[in-house]
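Read through the structure below, which is laid out as structure tokens, and then see the notes.
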Amino acid sequence: MSFRRIRYGVETMPAGHDVPRHRHDGGYATVALAGRFSEASFAGRATVGPGDVLLHGRFDCHGNAMMSHLGTTILRLPWQDDAIEGLYTIADPDALARLCEIDPFEAAAELGRTMRKAAMRCDHWVDILAIDLDAMPDLSLARWAEERDLAPESLSRGFRRAFGTSPKSFRMETRARRARLAAMQSGRPLTEIAHDLGFADLAHMTHAVRAFTGLPPSLWRAARG
């Protein structure tokens, strides 16, 4: 999967301009100015309208579906805190758009000062499974499906329809992201991080992080300064 680049500023997405699941190597914020759209990401699923904000850390993967027949207008801003993601709200999104015309980084700073946390969707089993996949590295998908009277193929198909990828891939990608972040932010041994995140060993974690981000965790640790 290749990385998509972000251009800061205001953009209007036409009706029907759905975007399949894709990946970004840089963090950014999406502020909804007009219209509505939905997004499914590592943070979960959200339906977004004017004043809502979606924060994406580095190496986020998500897909979008436009929901307004007149199009959807959004503002993209820099976002550099990989540990803060998901759905937030802002009181005056138009003021951020005006400030972005002068300085997008100052607009991002203002966003960080004034945004408020909002709840992601959790009204369907796919949302619960996404949370569990992130929280429990050793989760048995077969047992999870059985406990909810779901056939394994229905679980895989339903999750892919909602998130654009299989449950197993989603889990591996979330673990790779968390491993990269832990390598940069913690001085703990990499072998200990690998164990805590459910990898078989350090080599397994190294392969996953390199495949997903382009660099092994040892180099992310070296770059943390």
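Just so you know, all these numbers are worked out from the coordinates, no wet-lab data involved. Keep in mind that what you see is a predicted model, and the values were worked out from it rather than measured. All Cβ positions, even for glycine, are placed from backbone atoms using ideal geometry, and neighbour counts span all protein chains on display.
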Honestly the stretch 69-176 on the Cα gyration tensor test (a ≥ b ≥ c root eigenvalues; a/c under 1.5 rounded, otherwise a/b vs b/c for prolate or oblate) is just prolate
Exposure proxy check on SER2, SER38: fewest-to-most Cβ neighbours within 10 Å is SER2, SER38
If the chain between GLU192 and ARG21 were fully extended at 0.36 nm per residue, the gain over the current Cα-Cα distance would be 58.4 nm
Here the longest stretch of the chain that holds no trypsin sites (Lys or Arg not before Pro) in a DSSP loop having at most 15 other beta carbon atoms within 10 Å is 37-147
Taking a ≥ b ≥ c as the square roots of the eigenvalues of the Cα gyration tensor, with a/c under 1.5 meaning rounded and otherwise prolate when a/b exceeds b/c and oblate if not, the chain is oblate
Relative to the chain, whose Cα atoms define the longest principal axis, helix 202-213 and its Cα axis are tilted in degrees, nearest 10, by 20 degrees
Summing +1 per Lys or Arg and -1 per Asp or Glu among the other residues with Cβ less than 12 Å from HIS207's Cβ gives +1
Expressed as a whole-number percentage, the relative contact order of the stretch 125-222 with C-alpha contacts under 8 angstrom and at least six residues apart is 24 percent
Dividing the alpha-carbon radius of gyration of the stretch 9-117 by 2.2 N^0.38 Å, where N counts its residues, gives 0.97
Toy charge model, Lys and Arg Cβ at +1, Asp and Glu Cβ at -1: the chain dipole around Cα centroid in debye, rounded to 20, equals 500 debye
With only helices counted (DSSP H, runs n ≥ 4, each -39500 (n - 2.57)), the per-residue ellipticity at 222 nm for the chain, to the nearest 500, works out to -12500 deg cm²/dmol
Tilt, helix 104-114 to longest principal axis of the chain (alpha-carbon atoms), in degrees rounded to tens, equals 80 degrees
In degrees rounded to 10, the 0-90 angle between helix 125-135 Cα long axis and the longest Cα principal axis of the chain is 60 degrees
Note, the stretch 86-98: 3J(HN,Hα) by Karplus (6.51, -1.76, 1.60, θ = phi - 60°), whole Hz, Gly/Pro = x, goes x, 9, 9, 10, 9, 6, 10, x, 5, 5, 5, 4, 5
